[in-house]
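Down below is the structure, laid out as structure tokens.
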Amino acid sequence: MRKISIFGATGSIGQSTIDLIKRAPQLYQVVALTGGGNIAQLAADAIALRAQLAVTAYEDQLPALQAALDGSGVEAAAGQAALIEAATRPADWIMSAIVGVAGLAPGLKALEQGTTLALANKESLVCAGELLLKTAKQYGARLLPVDSEHSAVFQGLVGEEISAVERIVITASGGAFRDWPLEDLKKATLAQASSHPNWDMGQRITIDSASMFNKALEVIETREYFGVEPDQIEVLVHPESLVHALVGFHDGALMAHLGAPDMRHAIGYALHWPERRDLPVARLDLASVGQLNFRQPDLARYPALAQARDVMRRRGLMGAVFNAAKERALDHFIAGSIRFTDMAEITARVLEQIETQSSLIDSAMTLDSVTQIDHIARKAADVAAAQSIG
Ligand code: NAD
Ligand code: MG
């Protein structure tokens, strides 16, 4: 039996992972499940999967979790230290599906145990790609991509040398506002930004798809994970979301990865890697799809894409600055205190300010320096958000 843990088990990726595990429970021994405030879901899954341990990230939720697990034999724990401790429990495979930079410390700890880490949590690669890859190498651990585009590229590279790659194209649906008149974007509401044309995902990544902050993070993720140069990475708007990525080789060949927009494909590929097993995903009927469309992204509509290029040019801790500013700008948009279009203005301002004014930006990348610059960027984003009100 393979020992597995799922960080962010109550979220969209976590639930899709659990769906796959529940289809073949005899193959897995579940070590730890972690979640946030959805205690009922966390406890129900921990009991159903006979997990050793369930952890909520929030200390004040411990009594509720203990009550929900009473008599089940599942251990309950809460808080940041408990999350880190859960990552040290021996496992063969860990799903990293916490949203945001909060996934970084448990992910690093898991890699330090030599565990295979299936990485949905793209923010940790954006903030600390160099550190994650170095840690994986040092401890003989493996990082497997779970983001659909990166899983697609990873699959396109099977049997190939990265030196044979000329370019990597990742696709974007264009999000909720791809066909809106530009001048209407500033009036976009939270409800409008929270609905995705093709994918069913967590709220934060759905809004990030409308703004293409998600694609901006993914461009940086591509650079970090595959080690290619920024100008080898292209983004194409592909409204059907059926081609997830393409790998272009020096001989002109372009290998595309197609599939239904269902994250259980990328999760299942990482779960069974290096094998392929049957997965409960819809099979594409291309004749009934008929047409696939592609177009260049409009940088005026998606300023985050150009910001990602600046971040990659500067590297080091700039990824952590960009992600932190984006996370806070998104918090403010969700809270209703800023407009949709203010988010990219805030990240632009924070990037510029920290690059020119903070000496910390040149520090070596450690969990500590990433955490410090993350705090500084969050504060700067809060100031910028307060200035954009009205
Ligand atoms: P979600 O919001 O649905 O779930 C997030 C999970 O993280 C929940 O279990 C939540 O309880 C937990 N969490 C939130 N804040 C936390 C904190 N501070 N500390 C500890 N745990 C915390 O998110 P999601 O859509 O499942 O996305 C998870 C990750 O996967 C993100 O990094 C996202 O970018 C990435 N991803 C998601 C999809 C998708 O289809 N949903 C696709 C590709 C990549
Ligand atoms: Mg993706």
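The values are calculated or read from the model by the stated rules, or taken from the named source; none is laboratory data. This structure is a prediction, so every number in the text was calculated from the model and none was measured. Neighbour counts are summed over all protein chains in view; Cβ atoms, including those assigned to glycine, are modelled from backbone coordinates with ideal geometry.
Evaluating residue 24 against the criteria (1) touching a residue at least 12 places away in the same chain (Cβ under 8 Å); (2) closer than 24 Å to residue 268 by Cβ leaves one unmet condition, (1). All of (1) assigned to a loop (DSSP other than H, G, I, E, B); (2) in contact with a helix residue (DSSP H, G or I) (Cβ under 8 Å, 6 or more places away or on another chain); (3) within 12 Å of ligand 2 (Cβ to nearest atom) hold for residue 218 with one exception: (1).
Let's see how each residue does on (1) among the polar types (S, T, N, Q); (2) under 29 Å from residue 181 (Cβ atoms); (3) buried (at least 22 other Cβ atoms within 10 Å of the Cβ):
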site: 211; (1), (2), (3): yes, yes, yes
site: 216; (1), (2), (3): no, yes, yes
site: 230; (1), (2), (3): no, no, no
site: 241; (1), (2), (3): yes, yes, no
site: 244; (1), (2), (3): no, yes, yes
site: 248; (1), (2), (3): no, no, no
site: 269; (1), (2), (3): no, no, yes
site: 272; (1), (2), (3): no, no, no
site: 275; (1), (2), (3): no, no, no
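Residue count for segment 368-390 satisfying the condition of being assigned to a loop (DSSP other than H, G, I, E, B) and either on the phi > 0 side of the Ramachandran plot or crowded, with 19+ Cβ neighbours inside 10 Å (or both): 1.
Yes or no: residue 159 of a type in the set (Gly, Ala, Ser), more than 14 Å from ligand 2 (Cβ to nearest atom), in a loop (DSSP other than H, G, I, E, B) and under 23 Å from residue 245 (Cβ atoms)? Please lay out each step first, then the result.
Values: of a type in the set (Gly, Ala, Ser): yes; more than 14 Å from ligand 2 (Cβ to nearest atom): yes; in a loop (DSSP other than H, G, I, E, B): yes; under 23 Å from residue 245 (Cβ atoms): yes.
Yes; evaluated as a whole, the condition is true for this residue.
The set of residues in segment 54-81 being crowded, with 19+ Cβ neighbours inside 10 Å, farther than 21 Å from residue 16 by Cβ and either out of contact with any Leu (no Cβ under 6 Å at 6 or more places or on another chain) or of a type in the set (S, T, N, Q) (or both) consists of 61, 65, 68, 69, 74, 77. Filtering segment 264-301 to residues that are over 19 Å from residue 118 (Cα atoms) and either among the charged types (D, E, K, R) or modelled with pLDDT under 95 (or both) leaves 283, 285, 295, 298, 299, 300, 301.
Out of 20, 33, 42, report the one residue that is within 18 Å of residue 120 (Cβ to Cβ), more than 11 Å from ligand 1 (Cβ to nearest atom) and touching a Leu at 6+ places or on another chain (Cβ under 7 Å).
Checking each option against the conditions leaves just 20.
Considering only residues in segment 110-141 that are part of a strand (DSSP E or B) and not β-branched (Val, Ile, Thr), the one that is surrounded by the fewest Cβ atoms within 10 Å (Cβ to Cβ) turns out to be 119.
Of a type in the set (D, E, K, R), surrounded by 15 or more Cβ atoms within 10 Å (Cβ to Cβ) and at pLDDT 95 or above: does that describe residue 328?
On the way: of a type in the set (D, E, K, R): yes; surrounded by 15 or more Cβ atoms within 10 Å (Cβ to Cβ): yes; at pLDDT 95 or above: yes.
Taking the combined requirement at face value, the residue satisfies it.
When the test is whether a residue is surrounded by fewer than 22 Cβ atoms within 10 Å (Cβ to Cβ) and closer than 16 Å to residue 212 by Cβ, residue 342 passes it. Of the residues making up segment 96-118, not a single one is within 16 Å of ligand 2 (Cβ to nearest atom) and of a type in the set (Asp, Glu).
Given the criterion away from ligand 2 (no atom under 16 Å from the Cβ) and in the same structural domain as residue 160 (by TED's automatic domain parsing), identify the matching residue among 200, 231, 208. Criteria check complete, one pass: 231. Summed over segment 142-155, residues that are closer than 17 Å to residue 219 by Cβ and not in a loop (DSSP other than H, G, I, E, B) total 8. Against the test of being touching a residue at least 24 places away in the same chain (Cβ under 8 Å), farther than 27 Å from residue 148 by Cβ and more than 13 Å from ligand 1 (Cβ to nearest atom), the options 66, 52, 61 yield a single qualifying residue, 52.
Filter segment 145-158 for residues that are away from ligand 1 (no atom under 13 Å from the Cβ) and surrounded by 23 or more Cβ atoms within 10 Å (Cβ to Cβ) and give the result.
Looking only at segment 145-158, we keep the residues that are away from ligand 1 (no atom under 13 Å from the Cβ), and these are 153-158.
Residue satisfying the conditions is 153 alone.
Go through 83, 62, 42, 104 for me and flag whichever is touching a Cys at 6+ places or on another chain (Cβ under 8 Å) and outside any loop (DSSP other than H, G, I, E, B).
Values: 83 fails: touching a Cys at 6+ places or on another chain (Cβ under 8 Å); 62 fails: touching a Cys at 6+ places or on another chain (Cβ under 8 Å); 42 fails: touching a Cys at 6+ places or on another chain (Cβ under 8 Å).
It is 104.
Looking at segment 192-213, which of its residues are without any contact (Cβ under 8 Å) to a residue 24 or more places away in the chain and either within 11 Å of the chain's Cα centre (by Cα) or not in a helix (DSSP H, G or I) (or both)? 194, 195, 196, listed by residue number.
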